[in-house]
Amino acid sequence: MSFPADFLWGAATAAYQIEGAVDEDGRGPSIWDTFSHAPGNILHGDTGDIACDHYHRLEEDLDLMASLGLRAYRFSVAWPRIQPEGSGPANQKGLDFYLRLVEGLLERNIAPMLTLYHWDLPQALEDWGGWTNRETSERFADYAAHVHGALADSVGAWITLNEPWVSAWLGHAYGIHAPGHKDAAEALAATHHLLLGHGLALEAMRSGGDNRLGVTLNLSPVRPASADPADAEAARRVDGNANRLYLDPLFRGAYPEDMLQHYRAVSDLRFVREGDLEKISAPLDFLGVNYYMRHTVRDEAGGGASKFPTAMRFADLGAETVLPEGVETTAMGWPIEPDGLTELLVRLDEEYTKLPIYITENGAAFHDYADPEGGVDDEERVAYLDAHFRAAHAAIERGVNLRGYFVWSLLDNFEWAEGYSKRFGIIYVDYPTQRRTPKASARWYREVIRRNGLRDGD
Ligand code: FCB
């Protein structure tokens, strides 16, 4: 099973999850420093203060990437390293770190893919309302211009936002991520200002070279849990919130009508101003897709105990997701449904865009065990990736313009609210010593990349 000749096999990380060095070289505090240091927010009280200490172990980590034969690496820039207070001139020492990273990648023939915002908003901007304040969209475009000005010559692929749904809803409606608020109206304002920030950043970067510019969304196919029409309605609402609330403004220049109606109950939506949607729907060069799961949805008002454990509650939608019978889960409790990836990619191709698509994240946490020699035989992760690569291949065969695949993650790292308890890496990190050990999945992935495909019957 071969992939297209120039298929971009990569791995992904994000700044706060791996860098550590939170107060070095002029870095300012971000909402994740504040949030992780407040008691009760993160499992075991973990923080990203040290994380994988990647900031100090850059060369070693670059060599590891090269040893896997990676063709691309997706990383994010920490906004508070570039603008410690979220505005004003760029901090050269902050830029220098990413210049060294990019130079190290290019020396090793690894294509850099840069994400501008993977959730670490400067705390100074949060103090003025963060993403609920329209000003933040403009600050984001300034920041984008600084980073682009310094790195446009060496970085070909740029992603404005990572998963705006997660920033908006886990951060502002469900209180699970920074800044930890619980207000659906705030999540809606944040959604709009994130998307507007994306549009303004595109505008700021378009004039500065011929880089490819895109955005990364976390998307999930949605299906009703039963034939009950109430469940079908609930599935429509979840699809509206999780997928269409982002895809429609970006690709059609309008918010979905059913969602506008639904949310009029909590917000007058006055933050949507004339001209905003034109900026938000400015042409892209590619779409980044993070795929982790399908949502199987039931109506929450349906009454009666669910036969299946509830995986996730969309409180503001009167809906919840359930685990379909017989489906296995990862250590996160997420259902493993590789065919959902094919379904999602085909839908994007049919309903939204023919642009190049990259899977910018896919992977899984499992309960990895390091044996006394330090080896990690993570056969579940190999099986997970194998099945998802095949699902991606099936989408390519059905005509989807899929150009690359980034495994989440290169390294075990700080998994947000779950702290260090969940390991997603293909490289094991022993946190007390910071020793890195490639897992069996890393060796397997190296072979996939070398062959540019999978062997049938593997
Ligand atoms: C995604 C995030 C990424 C990582 C994975 C498991 O939502 O973008 O940082 O935490 O989930």
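The values are calculated or read from the model by the stated rules, or taken from the named source; none is laboratory data. Only a predicted model underlies this, so the values are computations on that prediction, with no experimental measurement involved. Reconstructed Cβ throughout: ideal geometry from the backbone, glycine too, with neighbour counts over all protein chains shown. Side chains included, ligands, DNA and RNA excluded: accessible areas come from the protein's heavy atoms. Shrake-Rupley method; radii C 1.70, N 1.55, O 1.52, S 1.80 Å.
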> Which one of these is under 23 Å from residue 71 (Cα atoms) and either modelled with pLDDT under 95 or among the acidic types (Asp, Glu) (or both): 120, 153?
Replying inline: 153
> Does residue 233 satisfy being part of a helix (DSSP H, G or I), over 30 Å from residue 47 (Cα atoms) and open to solvent by 10 Å² or more (accessible area, probe 1.4 Å)?
Replying inline: yes
> From the list 365, 370, 394, 387, which one is touching a residue at least 12 places away in the same chain (Cβ under 8 Å), within 12 Å of the ligand (Cβ to nearest atom) and hydrophobic (A, V, I, L, M, F, W, C)?
Replying inline: 365
>> Given (1) farther than 17 Å from residue 98 by Cα; (2) within 16 Å of the ligand (Cβ to nearest atom); (3) surrounded by 15 or more Cβ atoms within 10 Å (Cβ to Cβ), identify the lone condition not met by residue 8.
In response: (2)
> Do we find that residue 403 is surrounded by fewer than 21 Cβ atoms within 10 Å (Cβ to Cβ), under 18 Å from the mean Cα position of the chain (by Cα) and away from the ligand (no atom under 16 Å from the Cβ) in this structure?
Replying inline: yes
> Counting only residues that are within 16 Å of the ligand (Cβ to nearest atom) and either over 18 Å from the mean Cα position of the chain (by Cα) or at pLDDT below 95 (or both), how many does segment 287-312 have?
Replying inline: 2
> Of the residues that make up segment 94-113, is at least one within 26 Å of residue 244 (Cβ to Cβ) and either open to solvent by less than 40 Å² (accessible area, probe 1.4 Å) or polar (S, T, N, Q) (or both)?
Replying inline: yes
>> Looking only at residues that are of a type in the set (Val, Ile, Thr) and more than 16 Å from the ligand (Cβ to nearest atom) in segment 115-136, which one is most open to solvent (accessible area, probe 1.4 Å)?
In response: 132
>> Looking only at segment 338-364, how many residues end up being surrounded by fewer than 23 Cβ atoms within 10 Å (Cβ to Cβ) and closer than 22 Å to residue 415 by Cβ?
In response: 2
> Has segment 19-39 got any residue that is in a loop (DSSP other than H, G, I, E, B) and within 20 Å of residue 408 (Cβ to Cβ)?
Replying inline: yes
> Do the conditions hold for residue 415, that is, is it within 16 Å of the ligand (Cβ to nearest atom), over 22 Å from residue 1 (Cβ atoms), acidic (Asp, Glu) and surrounded by fewer than 23 Cβ atoms within 10 Å (Cβ to Cβ)?
Replying inline: yes
